[in-house]
Amino acid sequence: MSLELLTDILIATVPLMLIFATLFAFTTWLERKALARIQNRIGPNKVGIPCTRISLFGLGQPAADGIKMLFKEDIVPRGADRLFHLLAPILALIPAMLVLCFLPLEFPWTKSLLPVQAFLLDGAVIFFFAITGLNTLAVFMAGWASRNKYSLLGGMRAVAQMVSYEIPLVLSAVIVVMMVGNLNAAEIAKAQTGWWFVFTPWGLAAFIIFFIAALAETNRSPFDLPEAESEIIAGYFTEYSGFKFALFFLGEYIAMFAISGLAVTLFLGGGDGPGVTMNLVDQGLPTEAFPGLTVIWFLMKIFALIAVMIWLRGTLPRLRVDQLMGFAWKFMLPLSILNILVAGFAWHAEQLDNTFITVITWVISLAVLYGAASGLNQLNRPNVRPREYKYAE
Amino acid sequence: MSEQIAFWMLSAIAVLGALVAVRKRNLIHGVFALLVFFAGLSGLFLLLLAEFIAAVQILVYIGAVGVLLLFAIMLTERVAGDDGRRMTSRGSFWGLVVAVAVFAVLLLPAIQELPPPEAAQAIDPSVKELGHKLMNPYVVTLEVLALLLTAALIGAVTAAQGVRMPKEENSPE
C-alpha cells in the first residue's frame, strides 16, 4: 500500500470520526436540556469553562460526564463471561462508526481524493443495512455475557425487536432504490436535487415507516424495551459501568446519527437545499454556493431528525412487547408491501411523462395509502369494552 | 502485496473461526465463532471485488442466520451456553467420508480449470447485472425458491402450533 493512499484514507475517515464524536457530545447535552424542558426542569446548567464562573448553559456537561466515566471503576460480575463482557461494548461501537463511511457526505477536502470514493460503493445501501444489523449482536452479547437475568431479558428483547423491524425498514428503503434504479448512496442523493422523495405520496409513506422502524432499530423511545428501566433495571447494560457503559452510550448515539443520515440520503435529498443547484454541465455532483454547503445541509437535516427523536422520547410512553410485535407485523409490514406496489405503478406512470396522468397517479396513490393505513388501524384496534365495575358505581 | 497480506489475514480469521465454532462446547461461543467465520468470508468476497456478494454475506449470514441461531438457542433451556454433558458422536468415520466427498465434488470444477483463467475483467458482478439475471433467465428458479421458502414457513408455523384439539376450534379470538 502506497503512503499516498494511506494518507488519502486517513483524510477521508478521521474527520468523520471527530465530527460525529463531537456531535455526540453536543447531542447528549441537547437531549438532556430538551427532556428537562419537556418535564418542567432546568437540566444541566452548572458546568461551563473550568476555573471560571462562566456556565454557558451547561455546555461543559458532556466533558464532565466523559471524565467521570473514564475514572469510574470497571466492575465485572463474578459469573460473567469476561471475554464477551469486554467485547460487547466494542462490537456495539464499531458497526455504528463503520456505516458513517457510507453516507454521501461531500466534504470539501475529500473531493480531490478519488480513490477514497470507494466508500461510495455501488451497493452502499445494502452494506448499510448489513452492518447496522450487527448492532443487535452486540446487545445480545452484552446481555448474555453479564450472566444476569435482566440483562439476558434485555438482550432477548433486542433480538426479537430487531428481527421484526428490520423488514419494514428495508422494504421502505426498497422504494427509493426502485425509483432511482441505483443502490449507490451518492447517486440516490443526487437524483433528488430539487425534489425530494418525501414530497411524493409513496415517498412520504415510506419515510414515515422508515423513521418508525429506525427508532426501533436504534432502541430509541418509545421502542426502548431492551433497556426498559421500569421493568428490567437497565436491560442489557445493567452490569456495565465506567467506560464500557460510555461506549454503549456512544454507540447508540452514533447509530442514531447513521440511521438519520441514511433517512436524509434516501428521503430528504441528501445535501440538497437552498444554494445547491443541479450540475447540468457534466451530470456530476451538484454545484454549491460555497464549499461545504451540502455538508452543512446534510448535518442540519440529521439534527432535525434527532430533534424529532428527542421530542418523541419526551412525549410518548413505552410500548408493551405485544404491542411492539403487533405494530411491526400487522401494520408496518402490510403497509410497506402495499407501498412497493403503489410505487411500482407510479414509476410506470412517470415513464409516460404526461402531467395529467401524473396528477391522477398522485391522487390515487394518496387515497390508496391513506385508506390502507386507516383500514389497518381499524383492523388492529384492540377489542376493549368499557370497564364494568363490580363493587363500585 | 497488500492484497496478499489481506488475503492471508482474512483466510486465517475464517479458518480459525470455523475451527473454534466446531470445537467449542459452549453453544453461544460457537455461534459467535461461526459469525467470525462468516465475516472473514465476506472480507474475502470483498477482496475479489464482489461487493454485492460480500454485503449479502453479512446481511444474510450474520444478520439473519446468526441472529436466528441465537434466537433458537434462547428459546431452549440451554441459554446459559455451557453444559457439562458430552455429546458423543457415533459414526464419525462415515461423517468424515461424506464431508471429504462433498468437499471434493465442490472443489473438482475449480481444480479442473487450473491455472485459473484471467477473468477478473470479464465477469461483471455489478448489482444491476445480477438483478437483470435474476429477473430474466433465472426468474423461474427464483419463484420456485420463493415457493419452497413459503412452504417451509407455513410448515414451521403448523409445527409450532401443534395439533389442535377439535373442541377448541369454536373459540376464535
The correct count of residues that are touching a helix residue (DSSP H, G or I) at 6+ places or on another chain (Cβ under 6 Å) and within 27 Å of A:Leu312 (Cα to Cα) in segment A:47-58 is 1
In segment A:312-326, anything surrounded by 13 or more Cβ atoms within 10 Å (Cβ to Cβ) and either free of Cβ contacts under 8 Å to residues at least 12 places away in the same chain or among the aliphatic types (A, V, I, L, M) (or both) is listed as A:Leu312, A:Leu319, A:Val321, A:Gln323, A:Leu324, A:Met325
When (1) free of Cβ contacts under 8 Å to residues at least 24 places away in the same chain; (2) over 19 Å from A:Ile209 (Cα atoms); (3) within 26 Å of the chain's Cα centre (by Cα) are applied to A:Thr355, the one that fails is (3)
Only one of A:Pro226, A:Pro291, A:Pro286, A:Pro274 is in contact with a strand residue (DSSP E or B) (Cβ under 6 Å, 6 or more places away or on another chain) and modelled with pLDDT under 85, namely A:Pro286
Expected output for segment B:1-27 (first residue under 11 Å from B:Leu41 (Cα atoms), partner of a type in the set (Val, Ile, Thr) and surrounded by 13 or more Cβ atoms within 10 Å (Cβ to Cβ), Cβ below 9 Å, 6+ apart or cross-chain) is B:Ile13/B:Val36; B:Ala14/B:Val36; B:Gly17/B:Val36; B:Ala18/B:Val36
*Regarding B:Val56, is this residue facing another protein chain (nearest Cβ under 8 Å), farther than 23 Å from A:Trp144 by Cβ and aliphatic (A, V, I, L, M)?*
yes
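The values are calculated or read from the model by the stated rules, or taken from the named source; none is laboratory data. Owing to the predicted nature of the structure, the values given are computational and were not obtained by experimental measurement. Here the Cβ is made from the backbone with ideal geometry for all residues, glycine too, and neighbour counts use every protein chain on show.
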